[in-house]
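*Asks:* First, the structure itself, so that you have it in front of you.
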Amino acid sequence: GAVVSQHPSRVICKSGTSVKIECRSLDFQATTMFWYRQFPKQSLMLMATSNEGSKATYEQGVEKDKFLINHASLTLSTLTVTSAHPEDSSFYICSATHIQGIATRQETQYFGPGTRLLVL
Amino acid sequence: AQSVSQHNHHVILSEAASLELGCNYSYGGTVNLFWYVQYPGQHLQLLLKYFSGDPLVKGIKGFEAEFIKSKFSFNLRKPSVQWSDTAEYFCAVYQGYNTDKLIFGTGTRLQVFP
């Protein structure tokens, strides 16, 4: 259980175009989804936290107009990289929270396989 | 703010050697602790987690970790590594109840040679 999928797995686009990445929780309802960016040989950098039906919370330094997040349902969140530039090339990973115990908020994040974006 | 330190950036071992990867966090209150593994070309997978109870946590693939509150540590161990354990290992921490932000360490790259 607790499987998270991402689509597409790889995308190559021209500079100036927009790219949408989907994140789905396949077998559970995710109250919260997260978007990370991972640079080669580095750790994950949290970009934003997304709750269903509300605006995403962006981390400091992340442009909300550049990285549009929509959390339309409890199983789907999308990240749109608008007007992509070569410096946006990266590995984008989403995760979803699977709460085990409501009273104690024991939350485990399950990660998607990631989307490699290359902007030419 | 919470921070997570993984002091071993790159570890090289031979098969059958014992492994211990260090993880220290900075926040002194209630924490939830995780170890994730990222095999080459694959996504992050949960190895084990600690929420409460027995501080010695057993995970998948023979891994275990020990939560030592007095040392702010959650070190990962495996008595005998295999070539297939070659991967990147990340320690991560939730701070308290009222946050949903997972703080990651910088990761440790483990290479196991046959």
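The values are calculated or read from the model by the stated rules, or taken from the named source; none is laboratory data. Values in this document were obtained by computation on a predicted structure and should not be read as measured data. Backbone-built Cβ (ideal geometry, glycine too); neighbour counts: all protein chains shown. Ligands, DNA and RNA are excluded from the accessible area calculation, which covers all protein heavy atoms including side chains. Shrake-Rupley method; radii C 1.70, N 1.55, O 1.52, S 1.80 Å.
*Asks:* Count, for each residue of A:86-96, the Cβ atoms from other chains sitting within 10 Å of its Cβ, then give me the mean as a whole number.
*Replies:* Mean number of neighbouring Cβ atoms from other chains: 1.
*Asks:* Would you look at the GNM of chain A, springs on alpha carbons closer than 10 Å, and say which of A:LYS41, A:LYS64, A:LYS20 moves the most?
*Replies:* In this elastic network of chain A, the residue with the biggest mean-square fluctuation among A:LYS41, A:LYS64, A:LYS20 is A:LYS41.
*Asks:* Measure off, as a whole percent, the carbon and sulfur share of the 1.4 Å-probe accessible area of the range A:34-120, all protein chains present.
*Replies:* Within the range A:34-120, the accessible surface is 54 percent carbon and sulfur.
*Asks:* Shifting gears a bit: Do any of A:LYS14/A:LYS55; A:LYS55/B:LYS49; A:LYS55/B:LYS101 go past 25 Å between their Cα atoms, and which?
*Replies:* A:LYS14/A:LYS55; A:LYS55/B:LYS49
*Asks:* How well do other chains shield peptide A:107-113, expressed as the mean number of their Cβ atoms within 10 Å of each residue Cβ?
*Replies:* Taking all residues of A:107-113 together, the mean is 6.
*Asks:* Sticking with this one: Using Cα centres only, tell me the gap between the range A:56-80 and the range B:50-114 in whole Å.
*Replies:* A separation of 29 Å, based on Cα centres.
*Asks:* How large a share of the accessible area of the range B:36-114, in percent, is made up of carbon and sulfur atoms when the probe is 1.4 Å and the other protein chains stay in place?
*Replies:* 54 percent
*Asks:* Moving on to the next point. Just need the Rg to Rh number for chain A, please, alpha carbons only, Kirkwood Rh.
*Replies:* Across chain A, the Cα-based Rg/Rh ratio is 0.97.
*Asks:* Something else about it: Provide, for q = 0.13, 0.14, 0.19 Å⁻¹, the log10 of I(q)/I(0) from a solvent-free Debye sum over equal Cα point scatterers in chain B.
*Replies:* Each listed q maps to, in turn, -0.45, -0.52, -0.94.
*Asks:* Per residue of A:44-50, how many C-beta atoms from partner chains lie within 10 Å of its own C-beta, taken as a mean?
*Replies:* Averaged over the peptide's residues, the number is 3.
*Asks:* Have a look at A:GLN29, A:GLN109, A:GLN42 and tell me which one the Gaussian network model of chain A (Cα, springs below 10 Å) gives the largest fluctuation.
*Replies:* Between A:GLN29, A:GLN109, A:GLN42, it is A:GLN42 that shows the largest mean-square fluctuation.
*Asks:* Lone cysteines in the protein assembly as shown, going by a 4.7 Å Cβ-Cβ cut-off?
*Replies:* For the protein assembly as shown, the answer is A:CYS13, because their Cβ atoms have no other cysteine Cβ under 4.7 Å.
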